[in-house]
Amino acid sequence: FGRPGVECYCQHDSGAAVIQLQFLINEGALVSALADDTLHLWNLRQKRPAILHSLKFNRERITFCHLPFQSKWLYVGTERGNIHIVNVESFTLSGYVIMWNKAIELSSKSHPGPIVHISDNPMDEGKLLIGFESGTVVLWDLKSKKADYRYTHDEAIHSVAWHHEGKQFICSHSDGTLTIWNVKSPTKPFQTITPHGKQLKDGKKPEPCKPILKVEYKTTRAGDPFIILSGGLSYDTVGRRPCLTVMHGKSTAVLEMDYSIVDFLTLCETPYPNDFQEPYAVVVLLEKDLVLIDLAQNGYPIFENPYPLTIHESPVTCCEYFADCPVDLIPALYSVGARQKRQGYSKKEWPISGGNWGLITQSYPEIIITGHADGSIKFWDASAITLQVLYKLKTAKVFEKSRNKDDRPNTDIVDEDPYAIQIISWCPESRMLCIAGVSAHVIIYRFSKQEVTTEVIPMLEVRLLYEINDVESPDGEQVPPLPTPGTGSNPQSIVPQSHPSTSSSSSDGLRDNVPCLKVKNSPLKQSPGYQIELVIQLVWVSGEPPQQITSLAVNSAYGLVVFGNCNGIAMVDYLQKTVLLNLGTIELYGSNDPYRREPRSPRKSRQPSG
C-alpha cells in the first residue's frame, strides 16, 4: 500500500503462507519468507512485480529473518536454532552458519528451541542479538565468531526490541511480562514489568497473564519512550476483544480491536536505527482490516482508512453496478459523504504516502452500490484504479432496535440480520433510491443537500397474501362465474388491505396485520444525502410471516415503486403514499382454466379504496 489509490498485489504460486516480509529499503525490492521454507526476492521496480530469485531450505524450517538497514546479508533463523546467512545480491548461502550449540555453549544443557528473534545492535552492526524460544538470548560477535554475552531467563520469549542507543533491549514473554536488560549485565534483568498484572500485596509476584506476542520500544528526544505491545491481558478478561497496549511514561492505554491482531509496526520520523525514533503512528494489521493509530493526539484516535479494505466491514449481501452516470453524480455523492467524516478520527492526513497514480483510463463515471447485512449501503466510485467509498447510508436507523428477543417474530434469517439489504433499485438521473430488505420491507429515499428533521416518518403497510378457496364444481369442467363489479370477492382472488394496521392479532389469536419491524415514532434527524421518502412493510397474515421480496423496481418519472414476492405484486405511488395495485399471483395468471383468458380489470374485485 502506498498513498490512497496506490496499491500492488502479488501472489506466490505455491500458495504457502507468508510468514515474514523484509523490504530492501530504498532498493525497490522485497524479501518474502514462506511456511514451505522458501525465500523469494521480489522486484518492485517494474509495473508487474515479479520474483527475481528464490531459495529453498530442505533440511531446516525457517522461523525468523532479519535484514539490517543497507546490508547485503540476510540472517535466516531456523527451528533447529541455527542461523544461516544469505547474500541478498546473489541470493545464495554465504556458508557462514551460527550453530545453536556454539551460540549457547554451556549456558544450558538442553536445546534452546527455535530462533524467534534476530537483530543487529543499532550502534554496531557487527553484533547480532539472537533470541531463542526457551528464554535464552545471545549477543553474537560476527567477526570473532563467538558470543559476547548470554542472557538466560526461565520464561519463553516471543519477541525482542532494542533501545536505539544499543545499551538496552526488551523481551516479551509467555507469562505476560516484559524484561528490560542492560547489555553488559547478563546475570539478571534490569527491570521486569507486567503491564496487565494485578499487583498483589506483601511483595508477591503479580499473577501471570496471557503471552505478550510482540513488543516495540521507541524513544523520543523530548519525553518518555513508548513501549507498544500486543497480547498480555490478564486471564480473567474473558470475552474481551484483542488489544494493543501503548505504555508512555506513567500512562498505559489499552486499545481494543475488532479482530485478532496479526502484526503491528510503529512508524517513526527517524529512519535510522541509532537515533531517537520519534514514533508518530502504529500500523496494526488485523485479520480483516488495517488500522492506523495516531500516537501524537490525545486518546490515540485512529486515522480514517482511505483503502477499500472496508468493503466487507459488514458482509456484502447485494451489489449493483452503474456505468455512464450523470457527470455531477459522483461529486454530489462525494460532497455529502465528505461531511460524514465521523467523529473521533485523527485530524491528520493518512501518513502512508508512497508511490504515484497512473493515468485513469476510463473517461466515463462508474458507480458500484453495495448493500450489507447490517442494513448499510455504500456508494463506491469505481472509475479509478481502486474503489473509493463516496457515501454511506444506514437504512436501519429508521427502525426501533428490538431490545429483547421476545419482541420480534422469530423467522430464521430475520433473527440474524433483520435489516440486511436484498435488492437495490436506483435511478442515477433522478437520484431516487429504493431498497428491499430481508424483513419484507421497502424504503424509498430522495437525495437532498439540506438537513431535515422528519417529525413523522411516512409509512405504508401492505397485505400481500395468497388464498385459494377451492370451489367444488360438479363435473370439474366449469369455471366459476366472473364477478360483476361490486359483488364482493372472486373465490380465486385475494382481499387486499392497504390501510395501516390497527389490529395486531386476528380473532383466533394469530399474529395478523403487523409488520416484522417497528418504525420509530420519534422525530428523525436526516443529514444531507439520502433521506426517507416512504417506508413500506408487508404485514403478517393470520399467523404467517410475510414472504421475502424477490423483485423491485422504481420509476421516478411516474413516482411509482413496484415490488413482488411469491404471493403477489404491489404497486405504490410514493408521492401520494398509496397502494395503486395489489395482485395475488393467482390473479396474474387469470382463471384456473388455461384456455379461457377473459379480460377483466384487476380492480373489479376491489373495494373502492381511499
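Structure notes:
- Residue count for region 76-97 under the criterion of being in contact with a Pro (Cβ under 8 Å, 6 or more places away or on another chain) and closer than 13 Å to Trp140 by Cβ: the result is 2.
- Restricting Ser90, Ser71 to residues that are farther than 29 Å from Asp275 by Cα and either touching a residue at least 12 places away in the same chain (Cβ under 8 Å) or in a loop (DSSP other than H, G, I, E, B) (or both) narrows the list to Ser90.
- Within region 277-290, tally of residues that are outside any loop (DSSP other than H, G, I, E, B) and either open to solvent by 50 Å² or more (accessible area, probe 1.4 Å) or in contact with a Leu (Cβ under 8 Å, 6 or more places away or on another chain) (or both): 9
- Of all residues in region 93-122, those satisfying the criterion of being in contact (Cβ under 8 Å) with a residue 40 or more places away in the chain and of a type in the set (Gly, Ala, Ser) are Ala103, Ser107, Ser108, Gly113, Ser119.
- The listed residues are Arg3, Arg45, Arg59, Arg80, and the only one of them that is in contact with an Asp or Glu (Cβ under 7 Å, 6 or more places away or on another chain) and either polar (S, T, N, Q) or open to solvent by 40 Å² or more (accessible area, probe 1.4 Å) (or both) turns out to be Arg80.
Okay, residues lined up against (1) of a type in the set (S, T, N, Q); (2) farther than 20 Å from Thr395 by Cα; (3) modelled with pLDDT under 90; (4) under 38 Å from the mean Cα position of the chain (by Cα):
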{"residue": "Asp475", "(1), (2), (3), (4)": "no, yes, yes, no"}
{"residue": "Pro496", "(1), (2), (3), (4)": "no, yes, yes, no"}
{"residue": "Pro500", "(1), (2), (3), (4)": "no, yes, yes, no"}
{"residue": "Ser504", "(1), (2), (3), (4)": "yes, yes, yes, no"}
{"residue": "Gly559", "(1), (2), (3), (4)": "no, yes, no, yes"}
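- Scanning region 310-325 for residues being small (Gly, Ala, Ser) and either surrounded by 14 or more Cβ atoms within 10 Å (Cβ to Cβ) or touching a residue at least 60 places away in the same chain (Cβ under 8 Å) (or both) gives a total of 1.
- Scanning region 258-276 for residues that are closer than 19 Å to Pro351 by Cβ and either open to solvent by less than 20 Å² (accessible area, probe 1.4 Å) or assigned to a strand (DSSP E or B) (or both) yields Asp263, Phe264, Leu265, Thr266, Leu267, Cys268.
- Test: Ile157 is in the same structural domain as Ile180 (by the TED database), more than 30 Å from Ile51 (Cα to Cα) and modelled with pLDDT of 95 or more: yes
- Filtered residue count, region 425-447, keeping only those that are assigned to a strand (DSSP E or B), closer than 19 Å to Trp380 by Cα and open to solvent by less than 30 Å² (accessible area, probe 1.4 Å): 6
- Taking region 306-318 as the range and being in a loop (DSSP other than H, G, I, E, B) and closer than 20 Å to Ala373 by Cβ as the test, the residues that pass are Glu313, Ser314, Pro315.
- Hey, Ser185 among the hydroxyl-bearing types (Ser, Thr, Tyr), under 41 Å from the mean Cα position of the chain (by Cα) and in the same structural domain as Lys210 (by the TED database) or not: no
- When residues in region 226-242 are screened for being under 18 Å from Ile293 (Cα atoms) and surrounded by 20 or more Cβ atoms within 10 Å (Cβ to Cβ), 6 of them pass.
- The requirement of being in the same structural domain as Gly437 (by the TED database), open to solvent by less than 60 Å² (accessible area, probe 1.4 Å) and not in a loop (DSSP other than H, G, I, E, B) is satisfied by Ile369.
Conditions tested, residue by residue: (1) of a type in the set (A, V, I, L, M, F, W, C); (2) closer than 30 Å to Leu67 by Cβ; (3) in contact (Cβ under 8 Å) with a residue 60 or more places away in the chain.
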site	(1), (2), (3)
Asp275	no, yes, yes
Pro308	no, no, yes
Val327	yes, no, no
Gly344	no, no, no
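- Residues (open to solvent by 20 Å² or more (accessible area, probe 1.4 Å) and either part of a helix (DSSP H, G or I) or touching a Leu at 6+ places or on another chain (Cβ under 6 Å) (or both)) located in region 414-424: Asp415, Glu416, Ile423
- Screening the candidates Ile98, Ile115 for the property of being hydrophobic (A, V, I, L, M, F, W, C) and at pLDDT below 95 yields one hit, Ile98.
- Condition met for Glu105 (open to solvent by 30 Å² or more (accessible area, probe 1.4 Å), among the acidic types (Asp, Glu), within 29 Å of Glu27 (Cα to Cα) and outside any strand (DSSP E or B)): no
The values are calculated or read from the model by the stated rules, or taken from the named source; none is laboratory data. As the structure is a prediction and not an experimental result, all values here were calculated from the model. Cβ coordinates were reconstructed from backbone atoms using ideal geometry, including for glycine residues, and neighbour counts include every protein chain displayed. Side chains included, ligands, DNA and RNA excluded: accessible areas come from the protein's heavy atoms. Shrake-Rupley method; radii C 1.70, N 1.55, O 1.52, S 1.80 Å.
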